[in-house]
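Trainee: Would you mind keeping the following structure in view while I ask a few things?
Every read-out reported here was derived from the displayed coordinates using simple, explicitly stated rules and does not represent laboratory data. Keep in mind that what you see is a predicted model, and the values were worked out from it rather than measured. In this analysis, Cβ positions are derived from the backbone assuming ideal geometry, glycine residues included, and neighbour counts consider all displayed protein chains.
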Amino acid sequence: MKIGVVGTGYVGLVTGTCFADSGNTVTCLDIDAEKIARLRRGEVPIYEPGLEELVERNAAAGRLRFTTDTSAAIRDAEVVFLAVGTPPAADGSADLSALWKVVDGIAPHLRPDAIVVTKSTVPVGTCAGIEKRLEARTGLRCRVASNPEFLKEGAAIEDFQKPDRVVVGVRTADVGEILRGLYLPFLRTENPFLVMSPESSEMTKYVANALLATKISFINEVANLCEKIEADIDDVRRGIGHDSRIGFAFLFPGAGYGGSCFPKDVQALAAMARSQGVQPRILAAVHETNLAQKQVLGEKVAAHFAGRLAGKRIAVWGLAFKPRTDDVRDAPSIDLIDRLLAEQAEVTAHDPEAMPNVRALYGDRIRFAPTALEALDGAECLVIVTEWGDYRRPDFDEMARRMRNPVIFDGRNLYQPAEMRSRGFSYFAIGKAAVRP
Ligand SMILES: NC(=O)c1ccc[n+]([C@@H]2O[C@H](COP(=O)([O-])OP(=O)(O)OC[C@H]3O[C@@H](n4cnc5c(N)ncnc54)[C@H](O)[C@@H]3O)[C@@H](O)[C@H]2O)c1
């Protein structure tokens, strides 16, 4: 099939590349001319495991093209995926301005039989709004579908090519069948292709993310309590997880959730509820709990040094909002660094992939170390924010040699407290009693 993808970010680029890889001809459109120029030179502007090789292969085969020219991307496309950002507006609702701009921009170029599909996460009613808007612009009744994306950054290719499920929201069965055909190469292990109304499909995406965020805020809240009452959250987690009604997934305590999806989607669903006169009590609590959790590491560090952080050298491991991505949008590391800088600490940070994105935010206000160990030189303490594999089994003796004080604040519970004590570290994890040598 001939496919147009509008918005060549994390979702659009992965979507376009994977559809090209299954034999379709895909043109990816973006307004960011520099991004498109880099892609045309074979450079992938984001870090996503496996993506570069796939882009290269499909571009070389002539199945994957990149453009800033709307007509070139849209005029032949049988299916047009919209994958632009839908960031939060000031009131928490989804800001659809980029999406409406795109709808207006593509309208004059669409084939009369084209199917327009929203892959962006959009509030319920957006598909219906696009149908109306396209009809007003073109005089035609365009076919519009919803197809929310469930990929996880860091495992995006795997998730796209082997999805747990594909959800589409359509008005007519024929559109569902065309989309099923497109996804068939990715459904060979019989994972379900679920067809529903656009409204249910739009809602499904928000509910999925909000429930995952709820699990995280829940476990973080009880972890904070565990810490005060000498219970160990990891023991409690094991104690509850073997109950088949509960399970283990997404119940790891930490430094709060970040990224471009959970924070904004929880707020957007809450805004949607309020606009319908439904009080989003749980969603509001999930969001607030998370905002507070993102402060926990900074508070622990400040408490340890009795608020005297000025001039103290503090090492930070992990800047991306989660491992295997370079994405730092809404990352807990940003809250921590802001706090440390506000208290005039000296921050030296390390991340395997995300340092350029954080440098773009802070410039030379913080230092970046080429290796994790070098970040520790002369540090008064280490704060671990992201659970990269690289940090899981470090050389503790070398760490202690490099640091001024062997003190670790671990926002991801990577190590065993008893082992840390025996190695001479003070160790502060989430939801566990602090240990000191
Ligand atoms: N990132 C994820 O893990 C993820 C997962 C599932 C769903 N989503 C949803 O997918 C959507 C996109 O997210 P993302 O992370 O890929 O965003 P992104 O910011 O990485 O990419 C959006 C792209 O759209 C481009 N763009 C903006 N306006 C445009 C226009 N008028 N014409 C053409 N291109 C334009 C931007 O330049 C950018 O490259 C959001 O709604 C998000 O909630 C994201």
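Trainee: Please report the relative contact order for the chain, taking Cα pairs under 8 Å with a sequence separation of at least 6, and give it as a percent rounded to a whole number.
Mentor: On the way: 879 pairs, mean separation 51.1, N = 437.
Answer for the chain is 12 percent.
Trainee: Please give the charge dipole size of the stretch 184-304, origin at the Cα centre, charges +1 on K and R Cβ atoms and -1 on D and E Cβ atoms. Round to the nearest 20 debye.
Mentor: Details: 12 positive and 13 negative charges, 50 e Å.
Its charge dipole is roughly 240 debye.
Trainee: Just the Cα atoms of the stretch 2-195, one point each, no solvent: what log10 I(q)/I(0) does Debye give at q = 0.07, 0.12 Å⁻¹?
Mentor: The Cα Debye sum returns log10 ratios of -0.18, -0.54.
Trainee: Averaging sequence separations of C-alpha pairs under 8 Å and six or more residues apart, then dividing by the length of the stretch 2-195, give the relative contact order as a whole percent. Walk me through the numbers before you get to the answer.
Mentor: Values: 354 pairs, mean separation 37.5, N = 194.
For the stretch 2-195, the relative contact order is 19 percent.
Trainee: Note down the relative contact order for the stretch 197-437 as a percent, whole number, built from C-alpha pairs under 8 angstrom at least six residues apart.
Mentor: Numbers: 434 pairs, mean separation 48.9, N = 241.
Relative CO of the stretch 197-437 lands at 20 percent.
Trainee: In addition: Quick one: net charge of Val124's neighbours, Cβ under 11 Å, K/R +1, D/E -1?
Mentor: Numbers: positive: Lys205; negative: Glu199, Glu202.
Overall, the nearby charge balance is -1.
Trainee: Another question, then. Among Leu251, Leu140, rank each residue by its count of other Cβ atoms within 10 Å, from fewest to most, as a rough exposure measure. Before the final figure, lay out each step's value.
Mentor: On the way: Leu251 19, Leu140 14.
Lowest count first: Leu140, Leu251.
Trainee: Mind checking the dipole of the chain: about its Cα centre, +1 per Lys or Arg Cβ, -1 per Asp or Glu Cβ, Debye to the nearest 20?
Mentor: On the way: 54 positive and 58 negative charges, 65 e Å.
Using Cβ point charges on Lys, Arg, Asp and Glu, the chain gives about 300 debye.
Trainee: I want the antiparallel fraction of DSSP beta bridges within the stretch 2-195, as a percent rounded to 5.
Mentor: Values: 2 of 26 bridges.
If we restrict to bridges inside the stretch 2-195, about 10 percent are antiparallel.
Trainee: Quick one: dipole size for the stretch 1-159, taken about the Cα centre, charges +1 on Lys/Arg Cβ and -1 on Asp/Glu Cβ, in debye to the nearest 20.
Mentor: Values: 18 positive and 22 negative charges, 126 e Å.
For this selection, approximately 600 debye.
Trainee: For the stretch 178-251 and the stretch 71-114, write down the distance between their C-alpha centroids in whole Å.
Mentor: 29
Trainee: What would the Debye equation give as log₁₀ I(q)/I(0) for the chain at q = 0.06, 0.07, 0.08, 0.09 Å⁻¹, counting only Cα atoms as equal point scatterers?
Mentor: -0.29, -0.39, -0.50, -0.63
Trainee: Among the listed pairs Lys35/Lys205; Lys101/Lys215; Lys119/Lys432; Lys152/Lys294, give every one whose C-alpha distance is greater than 32 Å.
Mentor: Numbers: Lys35/Lys205 27 Å; Lys101/Lys215 35 Å; Lys119/Lys432 40 Å; Lys152/Lys294 21 Å.
From the list (Lys35/Lys205; Lys101/Lys215; Lys119/Lys432; Lys152/Lys294), the Cα-Cα distance tops 32 Å for Lys101/Lys215; Lys119/Lys432.
Trainee: Can you give the helix-only mean residue ellipticity at 222 nm for the chain, where every DSSP H stretch with n ≥ 4 adds -39500 (n - 2.57) and the sum goes over all residues, rounded to the nearest 500 deg cm²/dmol? Please list the in-between numbers first.
Mentor: Numbers: 17 runs with 189 residues, N = 437.
-13000 deg cm²/dmol, from helical runs alone.
Trainee: Among the DSSP beta bridges whose two residues both lie in the chain, what percent are antiparallel, rounded to the nearest 5? Working shown, then result.
Mentor: Details: 3 of 45 bridges.
Taking every DSSP beta bridge within the chain, about 5 percent pair in antiparallel fashion.
Trainee: Follow-up. In the chain, with Lys and Arg counted as +1 and Asp and Glu as -1 at Cβ, which of these residues, Ala418, Leu134, Phe160, has the Cα nearest the positive end of the dipole, that is, farthest along it?
Mentor: Leu134
Trainee: Farthest toward the dipole's positive end in the chain, which of Val84, Gln344, Gly311, given Cβ charges of +1 (Lys, Arg) and -1 (Asp, Glu) about the Cα centre?
Mentor: Looking along the dipole axis, the top candidate is Val84.
Trainee: Still on this structure, please answer the following. Which ordering of Asp327, Asp174 is given by a fewest-first count of other beta-carbon atoms within 10 Å? Kindly include the intermediate steps, with their values, before the conclusion.
Mentor: Values: Asp327 25, Asp174 11.
Arranged by neighbour count, lowest to highest, Asp327, Asp174 become Asp174, Asp327.
Trainee: Please arrange Ile334, Ile240 by how many other C-beta atoms lie within 10 Å of their C-beta, fewest to most. Intermediate values should be presented prior to the final figure.
Mentor: Values: Ile334 19, Ile240 15.
By the 10 Å Cβ count, ascending, the order reads Ile240, Ile334.
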